[in-house]
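Read the figures in this text as sums done on the coordinates, not as results from a lab. A quick note: this is a predicted structure, and the numbers were derived from the prediction, not measured. Heads up, the Cβs are rebuilt from the backbone with ideal geometry, glycines too, and the neighbour counts pull from every protein chain shown.
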Amino acid sequence: MKKDTIIPAGTGERMQYVAHNFNDNTIRFILHYTGAVQMDILCQATKAVIDSVDILHSSFIPGNFGSYWNINSEYDTCDYFTYITDIDNPMDVAISASLKPVAPTNKTQLHCTLAEGHNDFAVAIAISHLCVDGVDGKYLLSKIFDAYQLLLHTGNKNSLNIKNGNRAPEQIYEKLTHKEYVSLMRNPISKVKSCFPFPSEETGSLHMVRQYIPASIMETVHNRAKTENATINDILLTACYRAYATLPGIEASAPMSVMSMMDLRQHCHIGASEGLCNMSGTLPTTLEHGIANTFSDTLSQIVKQTHAAKENPLAGLEGMPLVHGAARTLPMWLILQVGAKVYGSFSIGLTNLGNISCDLLTLDGLRPDAGIFGGPLKKKPAMQISAASFDGTTALAIIGEYTKEDAILLQTMLDTMVQEVTAYSLKK
């Protein structure tokens, strides 16, 4: 029997652990297929990926002064794979399974659920946010399917290649001068805090509300957006603002802010992290005078802000030295207190993973006909919209502990976002 080994926790996972009082430290992907899949191969593929990366078969131990990962030499199938069969609605079952968080103390930091129906099936992949953000989560998702193809066609996983190098988020500073580094010692969070008008302060049950925008509409939107020098992310952010402004109790002409996320790997030496990690940075936007008259008017205000960020060579890095410095030097109990103030200032967020090719997600020749990306479960008063496109069809999802009334209002917001994007696509 191999002896378990220990590796020190880095600043990234120490800081992400702090968020566990505000979210569930888990990201998830849910895919639906028509047909049948070989359960045993999917199980082996999941294990192959977990075996390949130390951090994926480790447990996080949040010691006050010496947080570390315990690399588990042994773990059972139930630690990383669940098979549910002979059900009427696999997608609903997979979504429910995805809402179960990956606890930092679990023996593995990735879990796959296969929900198999009578002529269809759904796959839910849940991954610890301490190990990855959405970008590396998407990377791991593709590796599970790579492993499946290898096992299916060759019977072994020997040629499976997964990055397993430096996980330190400080990789984003490698190209900076001392002057640039010092210039980042400031708080990037907007002073405007927009609160979602939850009907009550009660803690409800786990919910995922979701909505889809068809690929045909998104293609038209993409072409139209290019004429306004805008991206799909700009479009979704604009729709988010405009949908929020229609909610009960919200003053459309008042200042409002939405926190979106950006990938910081562009700042690394090779434009990618050496190992799996969380390298998401904040991209705050603010409408000082609320919503403009038309979608295009609001969009133009968003584009000015996002373009300014893109032209800034240090975009997304503001405040990061403060965060990582605190994680290196402060005891966990104090980090938790500081984190409560930081995370307590977040309210409405939008994270967009962009398009995911369904060619990368093929099982036994079957392509998914629906997909969802879900970010961390948010606790009130926070709310985050997660977006991802699967071969052009954009899925919007919100995950949280909500009452029935909360869920209805959140669904209304997503429905309005879809209406806003659809109307923009039809604009003459």
Projecting each Cα onto the charge dipole of the range 1-148 (Lys/Arg +1, Asp/Glu -1 at the beta carbon, about the Cα centre), which of GLY12, PRO104, ASN64 comes out farthest on the positive side? ASN64
Length-normalised contact order for the chain - Cα pairs under 8 Å, 6+ apart - percent: 24
³J(HN,Hα) computed for each position of the range 87-95 - Karplus, 6.51 cos²θ - 1.76 cosθ + 1.60, integer Hz, glycine/proline x: 10, 7, 10, x, 5, 4, 5, 5, 4
List TYR148, TYR83 from most exposed to least, where exposure is judged by having the fewest other Cβ atoms within 10 Å. TYR83, TYR148
Farthest toward positive dipole pole in the chain [+1 Lys/Arg, -1 Asp/Glu at C-beta], among GLY165, ALA370, LEU360: GLY165
THR177 versus ASN158: modelled label distance in nm, points set 7 Å from Cα along the beta carbon direction: 5.2
Theoretical gain in end-to-end length, THR362 to ILE270 [0.36 nm per residue, Cα-Cα removed]: 30.2 nm
Given R₀ = 30 Å, what would the calculated FRET efficiency be for LEU426 paired with ASP391, taking r from the Cβ atoms and rounding to 0.05? 0.85
Per-peptide average of other Cβ atoms within 10 Å, ordering 116-122, 85-91, 127-133 highest first: 127-133, 116-122, 85-91
Starting from the Cα of LYS378, draw a straight line to each of the aspartates and glutamates and keep only those under 16 Å, dropping any in the same chain fewer than 8 residues away. ASP24, ASP133, GLU201, GLU202, GLU401, ASP406
Integer Hz, Karplus 6.51/-1.76/1.60 couplings in order for the range 191-198, x for Gly and Pro: 6, 7, 10, 8, 9, 6, x, 4
Dividing the helical contributions, -39500 (n - 2.57) per DSSP H run of n ≥ 4, by the residues of the chain yields a 222 nm value, nearest 500 deg cm²/dmol, of -11000 deg cm²/dmol
Taking Rg/Rh (Cα atoms, Kirkwood Rh) as the quantity of interest, determine which of (1) 0.95; (2) 1.17; (3) 0.99 was computed from the displayed structure. (1)
Note: SER300 to ILE6 extended length (0.36 nm per residue) minus current alpha-carbon separation gives 100.8 nm
From the phi angles alone, apply the Karplus equation (6.51, -1.76, 1.60; θ = phi - 60°) to the range 271-281 and give each ³J(HN,Hα) in whole Hz, x where the residue is Gly or Pro. x, 7, 6, 6, x, 5, 6, 10, 10, 8, x
Straight-line reach from LYS163: which aspartates and glutamates have a Cα under 12 Å away, not including same-chain ones fewer than 8 places off? ASP54, ASP136, GLU274
Taking the mean number of other Cβ atoms within 10 Å as a proxy for protection, how do you rank 259-272, 369-382 from highest to lowest? 369-382, 259-272
I need the peptides 243-255, 100-112 ranked by packing, meaning the mean over residues of other C-beta atoms within 10 angstrom, with the highest value on top. 100-112, 243-255
Considering only the range 355-411, percent of DSSP beta bridges that pair antiparallel, nearest 5: 70
